[in-house]
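Asker: Please find one structure pasted underneath; my questions will follow.
The values are calculated or read from the model by the stated rules, or taken from the named source; none is laboratory data. Since the structure is predicted, the reported quantities are computational estimates derived from the model, not experimental observations. No Cβ is skipped: glycine too gets one built from the backbone with ideal geometry, and neighbour counts run over all protein chains shown.
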Amino acid sequence: MIIEDQEQSRACWSNGLISFDGWLNLATEIQAIIKKHGNLLYKRHSLFATELFGWTKGLVSAHCLIVYVTTQQLPNPKFKAMIEILFDQSASA
């Protein structure tokens with residue numbers, strides 16, 4: 001969303017931890033990683049962890065997972081439960 005609608009995202013930005021441009025750069029890096037590695041990210045857990053959760057990219061990746069499980073109908077309820085446990089995002093919160 002941040003990449004596709006930069007103008008609206010910039011106008012609504014209120015994160016004091018990182019600038020909008022910093023977040024946008026991280027999101028763009030993650031998008032490039034996903035394009036580059038594709039299905040290998042599913043198959044190689046070490047690649048998934050280091051590429052998507054290494055250093056500051058982990059902030060964006062974690063945020064995207066939380067938004068994904070809270071806004072989408074998921075065919076695998078165990079996936080949603082795992083994300084909620086990992087990032088302390090309960091359905092009642």
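Asker: Given the structure, is Ile18 over 22 Å from Glu84 (Cα atoms), surrounded by 11 or more Cβ atoms within 10 Å (Cβ to Cβ) and in contact (Cβ under 8 Å) with a residue 40 or more places away in the chain?
Answerer: yes
Asker: Which of the residues that make up segment 1-17 are under 15 Å from the mean Cα position of the chain (by Cα) and aliphatic (A, V, I, L, M)?
Answerer: Scanning segment 1-17 gives Met1, Ile2, Ile3.
Asker: With respect to Trp55, is the statement that it is on the phi > 0 side of the Ramachandran plot and more than 11 Å from the chain's Cα centre (by Cα) true?
Answerer: Considered against the rule, which asks whether it is on the phi > 0 side of the Ramachandran plot and more than 11 Å from the chain's Cα centre (by Cα), Trp55 comes out as yes.
Asker: Take the residues of segment 82-93 that are loosely packed, with under 14 Cβ neighbours inside 10 Å and of a type outside the set (D, E, K, R): which is nearest to Leu24 (Cα to Cα)?
Answerer: Phe87
Asker: Continuing with the same structure: Of all residues in segment 30-47 being farther than 19 Å from Glu7 by Cα and either under 12 Å from the mean Cα position of the chain (by Cα) or modelled with pLDDT under 90 (or both), which is surrounded by the fewest Cβ atoms within 10 Å (Cβ to Cβ)?
Answerer: Tyr42
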